[in-house]
Amino acid sequence: MNQGILFDFFGGVTQNGSGWGIDYEKVLYELARWLIPIAVCLLAEGVWLEKQRKIEALACYRYGSVKLWWRRKFVKSLQNGAVTAAALFAAAMAVDLAGGVGFAKRGWNIFLLWLFHMLTILSMFLVLDQTRLRGCAPAILLLLEGVTFLLGFSDLRRARLMFGMWGMYTQSRWRLGETGIPVLSSLVPEAALAVSAYLAGRALWKRKGIFE
């Protein structure tokens with residue numbers, strides 16, 4: 001049965017690690033497919049950050065302090081990321097509707113988990129962008145996503161602790177019931193990670209002696 005582009009690219013890996021006869025070739029294929037929209041969002045964010053880098057000095061003077069500027073940059077970056085993520089999701093939904101697949105109630109569940117996960121990834125991207133790892137930040141984050149998913153998929157006892165499992169509707173209790181990842185066990189730590197990323201970014205600027 002055709003699940004549609006939205007489910008294929010934003011739902012996650014469909015197989016459950018607790019089942020028998022797992023097709024790992026299919027798992028890797030679906031994981032790669034899952035990483036594509038994430039990579040697109042990271043690319044779009046990287047382009048925006050590079051443009052902003054050229055006017056950062058002027059922006060600091062405009063906001064009166066680097067502290068206020070960092071807060072504004074962090075929020076604005078996540079807003080841009082949310083727009084990009086929503087646009088990708090809307091495009092997939094439009095293709096599905098045009099193809100007669102439809103948009104089931106589960107679509108909003110998929111969107112919530114994926115958007116929240118994407119914003120967490122972007123918040124970590126903003127921190128890495130302030131370091132010497134800037135050039136390879138997208139690769140680091142995609143590798144983190146893939147490796148932590150595989151670690152959780154191969155051992156269900158630690159699945160709920162693995163970052164790469166959190167954004168997938170197909171691995172959540174919304175789809176798998178009691179054997180899935182609890183939704184709050186995904187959203188709460190992701191929110192904590194985003195807040196930690198904001199504080200870490202602020203601390204990096206403070207170490208540079210720029211903060212007042």
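What follows is calculated from the coordinates using simple rules that are stated; it is not laboratory data. The structure presented is a predicted model; accordingly, all values stated were derived computationally and were not measured. Using ideal geometry, Cβ is built from the backbone for each residue, glycine included, and neighbour counts are taken over all protein chains shown.
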Here the gain from full extension of Val75 to Val95, 0.36 nm per residue of separation minus their alpha-carbon distance, amounts to 4.2 nm
hull vol. (C-alpha, convex hull) per residue for segment 18-173, Å³ -> 139
The distance between the Cα centres of segment 90-127 and segment 141-183, in whole Å, is 17
Taking a straight Cα-to-Cα line shorter than 24 Å from Lys67, and setting aside same-chain lysines fewer than 8 residues away, one finds Lys51, Lys54, Lys76, Lys206, Lys208
Between the modelled labels at Arg132 and Lys26 (7 Å from Cα along Cα→Cβ) the distance in nm is 4.5
With the 8 Å Cα cutoff and a minimum separation of six or more residues, the chain has a relative contact order in percent of 27
Treating only Lys and Arg (+1) and Asp and Glu (-1) as charged, each at its beta carbon, one finds that segment 19-207 has a dipole about its Cα centre, in Debye to the nearest 20, of 980
For the chain, whose charge dipole is built from +1 on Lys and Arg Cβ atoms and -1 on Asp and Glu Cβ atoms, the candidate among Leu126, Thr179, Leu143 with its Cα farthest towards the positive end is Leu126
Which of Leu42, Leu28, Leu150 fluctuates most in a GNM of the chain (C-alpha springs under 10 Å)? That residue is Leu28
Taking a crude spin-label model, label points 7 Å out from Cα along the C-beta direction, the Asn109 to Val40 distance in nm is 2.4
Quick note on Tyr169, Tyr29, Tyr198, ordering by fewest other C-beta atoms within 10 Å, gives Tyr29, Tyr198, Tyr169
Between the Cα axis of helix 183-207 and the main Cα principal axis of the chain, the angle (0 to 90°, nearest 10) is 20
Final fewest-first order of Asp8, Asp129 on the 10 Å Cβ neighbour count is Asp8, Asp129
